[in-house]
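Remarks on the structure that follows.
The values are calculated or read from the model by the stated rules, or taken from the named source; none is laboratory data. Keep in mind the model is a prediction, meaning the values are calculated, not measured. Here the Cβ positions follow ideal geometry from the backbone for every residue, glycine too, while neighbour counts run over all protein chains shown.
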Amino acid sequence: MSADGTVTRTVPVTDIAQPKFIHDFAITTHFMVIMDLPLTFDFNNPLKHPVNGESILLKPEIGARLGLLPRTEIGQQALGLDSMNKLKWFDLPSACFVFHVFNAFEVSQTRSATADPEAALPTAVRLLACRMANIDMAIMRDPSYFKDDMVMEVFQFDLDITTGKAAQTTVAKGTYGEFPMVNPRTVSIKSQYGYMASYIPQPGTTWWSGGEFPRVVKIDFDSGKMVGEVAFADCIPRKSADGVVSGGECRFVPKQPSAGAAEDDGYLLTYVHDEAVNISYFVVIDAKNMLPMASVQLPQRVPYGFHTTYLTKTELDVLKGVVST
Ligand SMILES: [Fe+2]
């Protein structure tokens, strides 16, 4: 799609064997990363699957793979494809499911020491995402379907274009969460930092059935460690006696102007909810130091689970057609 909202290219992806739940994707400079993961739809029996009573079922036995679709001719050349409308697939070492991605980026390599930088072709792609080794939609209505591997972990998936192999590695092991976010200025290129709504697993339950996310965490992908956290309960002026204050996706907004600023120099914006008194707040968190900065009580509840975005007034006016680009 072009910047003015016109669809410029449509590519059918035809070699997926059965309907799949595909929730998100990533882009790099030269590729789109498509996740063909084995969370399947059963359209023949959409209301009641014989295994878990759901229309959506994880079938690990059919395998999992990531596809690179060229966005540019350089991407097509790097993948050795004879058409821009073909994908190169990379089989993953084990089945899994991913709702949302942090980001993806390329590792490029010039073909010789004296080569023109223009001749550099991407040789590898890294996808950063929240991965579940197992998922069962039935846990949303019946927690007895929960299994210990139904946790959401940060993973990096490395696709080696030269060998056609894929590898997957846990990042910030022991940190669990979803609704990943990066500085939007780093989308499609390398991000050092990621942010996500995070929970601490309790025995026999997941965030699906055991409550929402109590905190936001910051991950340094260079060191592979969690480097900061803010409890949503600490973002509001007063919390209820039971202290259940939860939130979700945090939108990163770079400081303005951001030219020359550090990648994490900005703010996290989100909504949090104080359960006991049914009050929602808009909150602002300093992303560099991971400290609460401000909160505004809202006139009504904002439900959990929404995605977020942020537009300046000028950007909003452009979208509304008030001014043209
Ligand atoms: Fe989503």
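See the values below:
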{"quantity": "Filtered residues of the stretch 254-280 (kept if more than 20 Å from Gly177 (Cβ to Cβ) and in a strand (DSSP E or B))", "calculated": "Pro254, Asp274, Ile279, Ser280"}
{"quantity": "Scope the stretch 165-187; condition in contact with an Asp or Glu (Cβ under 9 Å, 6 or more places away or on another chain) and either of a type in the set (A, V, I, L, M) or surrounded by fewer than 16 Cβ atoms within 10 Å (Cβ to Cβ) (or both); matching residues", "calculated": "Lys165, Ala166, Ala167, Thr169, Thr170, Val171, Ala172, Lys173, Gly174, Met181, Val182, Arg185"}
{"quantity": "Selection count, the stretch 158-185, where residues are among the basic types (Lys, Arg) and under 29 Å from Gln76 (Cβ atoms)", "calculated": "2"}
{"quantity": "Output for the stretch 141-177, where each listed residue is among the small types (Gly, Ala, Ser) and over 22 Å from Gln192 (Cα atoms)", "calculated": "Ser144, Gly164"}
{"quantity": "Residue among Tyr267, Tyr281 that is in contact with a helix residue (DSSP H, G or I) (Cβ under 9 Å, 6 or more places away or on another chain) and farther than 21 Å from Val151 by Cβ", "calculated": "Tyr281"}
{"quantity": "Candidates Val244, Val253, Val227, Val216 - the one that is of a type in the set (A, V, I, L, M) and modelled with pLDDT under 90", "calculated": "Val244"}
{"quantity": "Residue, farthest from the chain's Cα centre (by Cα), within the stretch 243-255, restricted to residues that are in contact (Cβ under 8 Å) with a residue 40 or more places away in the chain and farther than 12 Å from Arg185 by Cα", "calculated": "Ser246"}
{"quantity": "Residue match in the stretch 5-28 (condition: surrounded by 19 or more Cβ atoms within 10 Å (Cβ to Cβ) and more than 16 Å from the ligand (Cβ to nearest atom))", "calculated": "yes"}
{"quantity": "Filtered residue count, the stretch 305-319, keeping only those that are under 20 Å from the mean Cα position of the chain (by Cα) and either of a type in the set (A, V, I, L, M) or within 12 Å of the ligand (Cβ to nearest atom) (or both)", "calculated": "5"}
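Listed here are the residues, each with its yes/no results for (1) within 16 Å of the ligand (Cβ to nearest atom); (2) at pLDDT 95 or above.
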position	(1), (2)
Val125	no, yes
Cys130	yes, yes
Ile135	yes, no
Ile139	no, no
Asp149	no, no
Phe155	no, yes
Asp160	no, yes
Gly164	no, yes
Pro180	yes, yes
